[in-house]
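J.: Next up is a structure, given as structure tokens.
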Amino acid sequence: MIKLNNIHKYYQTGEQSIHVLKGIDLHIKEGELVSIMGSSGSGKSTLLNILGVLDSHDAGHYHLAGQEIKHLKERHAAHLRNALIGFVFQSFNLLPFKNALENVALPLYYQKMGRKERNRRAAQYLEMVGLSDRAGHMPNQLSGGQKQRVAIARALVTQPKVILADEPTGALDSQTTAEVMEVLKHFHGLGNTIVIVTHEQDIANQTQRQIHLRDGLIDTADAAMTPEVVV
Amino acid sequence: MIDGLQEILYTLKQNKLRTALTAFGVFWGIFMLIFLLGAGRGMQNGVIDSFADNALDTIIIWSGTTSVAHNGQGLGRRVSYTDDDIEAIRHHIDGVRFVTGANSMGQGTVVYGSKTGFFDVYGIDDTYFKIRDQVPIRAGRTIQILDQEQTRKVAVIGSAVRDRLFGHDGNPIGAMIRVNNINLTVVGVFHDRNNNGRDSERLFVPYSTFTKTFGRGNQVHVIWARPDANVDGKVLEENIIELLKKRHNVSPDDRRAIQSFNFAEPAKMVKGMFVAINALIWFVGLGTLTAGIVGISNIMIITVKERTREIGIRKALGATPFSIVSTLLMESILVTGFAGYMGLVVGVGIVELMAYGLEVSGAKMDFFQRPEVDFQVAVTALVLLVVVGTLAGLIPAIRAAKIAPVEAMRSDG
Ligand SMILES: Nc1ncnc2c1ncn2[C@@H]1O[C@H](COP(=O)(O)OP(=O)(O)OP(=O)(O)O)[C@@H](O)[C@H]1O
Ligand SMILES: [Mg+2]
């Protein structure tokens, strides 16, 4: 499903450029539940953004669902994001002026789905994350855990092949963290490919494979620690 | 489409203040332009009204007494024209479109049935009303060439004459009136606003009838003329006067014997004034409009900046650049279009109200009459504003749609 070959990423800040990803090789199969760990600044978010076609890499090859991601037209990239990928952000990124249901329905709007069908589906996914009774609430009327569950419902509503979550529980307490993880695992059970960036070993332990980033590279020593998933 | 519209209306509602400010800028620009245009037109109409019903190239020549001795003739001699002078002008002077003489006998006794009035009686030929082609004919016709050739006993009467003899709503056409004991058939009614309408207290008969039937000879009291198109009315006036002076033995330096008035001069001045008024209106109006456009552009830039994060999120969820740009533009078009339209409606409404108020109150201001809106100009301004506003929004919108989603989402907003 996801294939990375020698991916490099630089950030330009003023005069100097930072080499953030220094040659990532990674293969994630369809239906896998993978976590990415690593210290702050190691490039986890950068990597996930590249996976989600939200950012571009500077060198190397990225294949998503058999398609090389390179120099995409923005329009094409938008279609890929919409059809293939569900992204869950650490900071939720809900639109503040739309209620929970409308936020969940938004990706379907960009699929040009009719309003009725959109709302029906959104309601269905809100129910899956246990928030049917909060459909009409605005984001600022929701708790952090509820917001993140809305965001997850929004990521899932288009039934994407790949779900990418950047520290989905980073802003949550242990109780809501457990709730969010339940939801994610539930969707994994339905056959989705899921990649979770996290700082918490607890969460990483709930995934099938842990990938450790160190200094822009995948730490192969750590990868060996989870041999059962490397097939 | 409907869906997209709902999406747009929704975001507009969420940003009431911004929407209101943009809308007001546009509204005010259009409103001011229309108001100014309407007021300017009112001024023009007022000035034009002061010319009453005279074509703006009319030349009028009448006579006085000599004030300079010439060729052995003394002072104080009265100059009087005849229809030979008219013929001479017609034959010897180039650039004359129309020329005619009006003969007058002062007041005559006009009788219809049991009613009697005293009105000025004039003899004219068919050219007279061609020169005074702005004078409205209220009923019937004017003096025509056959009236002149066949010495018909007909009369064209002023509206004041009709009011007096037939009543305001009476129909005098075909009626027989008696003027100094001569029976005439009324064939037309005119209304002349000159002299505050007192020039309507007149009646005209064919020049030949006037000469023969009334026994008034072939005198001409006033010469009326109009130049050909492209002919300088001032030059024509001078040429005619020069000819008349020669024919009547008047010194070239005599200013009193032959007098004239040429509408071309005040008309030229007034035209210059109109140009100035219009220039001012357009200057102020376009200034306001430009301010409106700059306002829209600014607000579009701010809008896009404020919403960079939202745009990033939308893109991450699969919004195409096209949908981002078109949504932003539709917003701008909707707001400017609606506000501009309101400005148009209110502007036109107020100008019309002004016109109505002037008419109902009967207020007679010398330099302000019948304000009105040139609708084409108004609509052009509106379209211009919307188009430019849209173009102004296009640049920041396209830029915003190009930012990578991650970058856009990093912005605070
Ligand atoms: N837009 C940017 N411009 C410049 N440098 C950037 C930019 N984004 C990230 N970086 C740098 O790239 C490196 C990796 O950032 P990244 O956000 O991927 O780290 P991370 O592993 O997600 O860290 P954290 O766990 O704190 O979220 C950091 O050193 C960061 O400073
Ligand atoms: Mg991060």
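The values are calculated or read from the model by the stated rules, or taken from the named source; none is laboratory data. All values derive from a computational prediction rather than experimental measurement. Counting neighbours? That spans all protein chains shown, and the Cβs are built from the backbone with ideal geometry, glycine included.
J.: Return the residues of the range A:186-200 that are surrounded by 13 or more Cβ atoms within 10 Å (Cβ to Cβ), in a loop (DSSP other than H, G, I, E, B) and either among the hydrophobic types (A, V, I, L, M, F, W, C) or away from ligand 1 (no atom under 13 Å from the Cβ) (or both); say none if nothing qualifies.
T.: Of everything in the range A:186-200, just one residue is surrounded by 13 or more Cβ atoms within 10 Å (Cβ to Cβ), in a loop (DSSP other than H, G, I, E, B) and either among the hydrophobic types (A, V, I, L, M, F, W, C) or away from ligand 1 (no atom under 13 Å from the Cβ) (or both), namely A:Asn192.
J.: From the list B:Leu317, B:Leu358, B:Leu329, B:Leu391, exactly one residue is in contact with a Leu (Cβ under 9 Å, 6 or more places away or on another chain) and more than 14 Å from every other protein chain (Cβ to nearest Cβ). Which is it?
T.: B:Leu329
J.: Can you tell which of A:Thr226, A:Thr198, A:Thr220 is modelled with pLDDT under 95, within 20 Å of the chain's Cα centre (by Cα) and of a type in the set (Val, Ile, Thr)?
T.: Result: A:Thr198 is the single residue among A:Thr226, A:Thr198, A:Thr220 that is modelled with pLDDT under 95, within 20 Å of the chain's Cα centre (by Cα) and of a type in the set (Val, Ile, Thr).
J.: Something else about it: If we keep just the residues of the range B:15-38 that are free of Cβ contacts under 8 Å to residues at least 12 places away in the same chain and more than 21 Å from B:Thr390 (Cβ to Cβ), which is surrounded by the fewest Cβ atoms within 10 Å (Cβ to Cβ)?
T.: Filtering first and then ranking leaves B:Leu17.
J.: Of B:Arg138, B:Arg193, B:Arg198, B:Arg202, which residue is modelled with pLDDT of 85 or more and among the charged types (D, E, K, R)?
T.: B:Arg202
J.: Of the residues A:Asp173, A:Asp215, which is out of contact with any strand residue (DSSP E or B) (no Cβ under 6 Å at 6 or more places or on another chain), at pLDDT below 90, among the charged types (D, E, K, R) and within 13 Å of ligand 1 (Cβ to nearest atom)?
T.: Testing whether each residue is out of contact with any strand residue (DSSP E or B) (no Cβ under 6 Å at 6 or more places or on another chain), at pLDDT below 90, among the charged types (D, E, K, R) and within 13 Å of ligand 1 (Cβ to nearest atom) leaves just A:Asp215.
J.: Follow-up. Among residues belonging to the range A:79-130 that are facing chain B (nearest Cβ under 8 Å) and in a helix (DSSP H, G or I), point out the one that is farthest from A:Leu184 (Cα to Cα).
T.: Only one residue tops the list, namely A:Arg115.
J.: Could you give every pair whose Cβ atoms fall below 7 Å, whose first residue belongs to the range B:203-226 and is closer than 22 Å to B:Phe118 by Cβ, and whose second residue is of a type in the set (Lys, Arg), counting only separations of at least 6 or pairs across chains?
T.: Once the first residue is closer than 22 Å to B:Phe118 by Cβ and sits in the range B:203-226, its partners that are of a type in the set (Lys, Arg) give B:Pro206/B:Arg152; B:Thr209/B:Arg152; B:Thr209/B:Lys153; B:Phe210/B:Arg216; B:Thr213/B:Lys153.
J.: For A:Val183, indicate whether it is modelled with pLDDT of 90 or more, under 15 Å from A:Val88 (Cα atoms) and either more than 14 Å from every other protein chain (Cβ to nearest Cβ) or within 16 Å of ligand 1 (Cβ to nearest atom) (or both).
T.: no
J.: In the list B:Asp374, B:Asp366, which residue meets the criterion of being exposed (fewer than 13 other Cβ atoms within 10 Å of the Cβ), among the acidic types (Asp, Glu) and at pLDDT below 80?
T.: B:Asp366
J.: While we're looking at this one, here's another question. Only strands (runs of 3 or more DSSP E) wholly contained in the range B:96-172 count here; list those with 1 or more residues that are crowded, with 19+ Cβ neighbours inside 10 Å and aromatic (Phe, Trp, Tyr).
T.: Hits in the range B:96-172: B:96-112, B:115-124.
J.: Here's another thing I want to ask about it. Taking strands (runs of 3 or more DSSP E) that do not extend beyond the range A:1-52, which have at least 3 residues that are more than 17 Å from A:Asp215 (Cβ to Cβ) and more than 16 Å from ligand 1 (Cβ to nearest atom)?
T.: A:2-13
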